[in-house]
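Note sheet for the following structure.
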Amino acid sequence: MDSLCTTDTGYHPHGLINQGATCYLNSVLQVFFMTKDFREAVESQVFPNDQEQETIDHKLKRLFQKLKEKEADTKDISWTLDIQTVYEQRDAAEFFEKILNTVKNNVSKIFEGQLSHTISCANSHISNIEPGPFWVLPLSMDVTLGPGQSYSVNDGFEEFFEKSTITGDKLYCAKCNEEVEATTACKMVHHPEILTLLLKRFEFDYHGMTYVKVNCSVDVPHKLQTENGAYELYAIVDHEGSLRSGHYTATIRSYEDQKWYLFNDSNVSPITLEPNLR
């Protein structure tokens, strides 16, 4: 990713101005802008009255119109999202979900999936929990993995859906009429059009009693196979640094020219090689 290409491609995405420490917001907004169906859903909306023009949907439409032509700022967006200070580092995943929870349903629906959960007691009595929506699947990473080791997204995705023992107190089973050990599992009952995975690089280390960052490399598949078909990677939001400080960038493949670009606030550069995929 350090090797940048300056060849004229005929297509030039534009950057977003960093207001102080708003790289987390800029990276997420570039992913939304570079997502064809999301961008078109935002741009197709009509706002007939002044009240609707204060919504996040209208602010996104104005931002996307500017981004097509030139570098833009995100002051209207940060104000609408109630970002109190632009000099505080925040979590990109938090604002990814916050925006999706704030825009209209017809705009965000391509990112929404449904998960169902089951709880099985030791005597194989099964309880089903009503399916619930999700925007992001969080994949836990092993804090023992070091810089010379790799984490597999494929393995992490499969582990997310494996049965796990409920730790702590036993659960009461009405059919057993007593408290018993139990396991839980989940299933994706509605596959979103666009699947978003969150790699939980910050985990709590019980030995040091503090949060630590898992700094191992990550094996990211070009295509992620699921029971409902395959998802093809087109966007990555990266974080460099520690829990309390750092910098976000986004690496995104354009649907317009099929080339990969590195979005680093105001600077947008095509990259010569695809991200390290397999």
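The values are calculated or read from the model by the stated rules, or taken from the named source; none is laboratory data. On a predicted model such as this, the values are computed, not experimentally measured, just so you know. With ideal geometry, Cβ positions are generated from the backbone for all residues, glycine too; neighbour counts draw on all protein chains shown. Heads up: the accessible areas ignore ligands, DNA and RNA and are worked out on the full protein's heavy atoms, side chains in. Shrake-Rupley method; radii C 1.70, N 1.55, O 1.52, S 1.80 Å.
In summary, VAL220 fulfils each of the numbered conditions (1) under 26 Å from SER108 (Cβ atoms); (2) of a type outside the set (Lys, Arg); (3) surrounded by fewer than 17 Cβ atoms within 10 Å (Cβ to Cβ) with the single exception of condition (3). Taking each residue of the stretch 77-88 that is touching a residue at least 12 places away in the same chain (Cβ under 8 Å) and looking for partners that are among the polar types (S, T, N, Q) and open to solvent by less than 20 Å² (accessible area, probe 1.4 Å) with beta-carbon atoms closer than 8 Å, six or more apart or interchain, yields SER78/THR22; ILE83/THR22; VAL86/THR22; VAL86/SER78. So, in the stretch 66-96, how many residues would count as being of a type in the set (S, T, N, Q), assigned to a loop (DSSP other than H, G, I, E, B) and surrounded by 12 or more Cβ atoms within 10 Å (Cβ to Cβ)? Here the count works out to 2. Counting the residues of the stretch 12-26 that are assigned to a loop (DSSP other than H, G, I, E, B) and either over 11 Å from SER78 (Cα atoms) or more than 19 Å from the chain's Cα centre (by Cα) (or both) gives 9.
State whether one or more residues within the stretch 46-65 are part of a loop (DSSP other than H, G, I, E, B), surrounded by 14 or more Cβ atoms within 10 Å (Cβ to Cβ), among the aliphatic types (A, V, I, L, M) and at pLDDT 95 or above. Looking through the stretch 46-65, none of the residues is part of a loop (DSSP other than H, G, I, E, B), surrounded by 14 or more Cβ atoms within 10 Å (Cβ to Cβ), among the aliphatic types (A, V, I, L, M) and at pLDDT 95 or above.
Which residue is farthest from GLU112 (Cα to Cα), if the candidates are limited to the stretch 131-165 and must be open to solvent by 50 Å² or more (accessible area, probe 1.4 Å) and touching a Ser or Thr at 6+ places or on another chain (Cβ under 7 Å)? This residue is SER150. Restricting the stretch 97-130 to residues that are in contact with a strand residue (DSSP E or B) (Cβ under 7 Å, 6 or more places away or on another chain) and over 24 Å from VAL180 (Cα atoms), the residue that is least open to solvent (accessible area, probe 1.4 Å) is GLY113.
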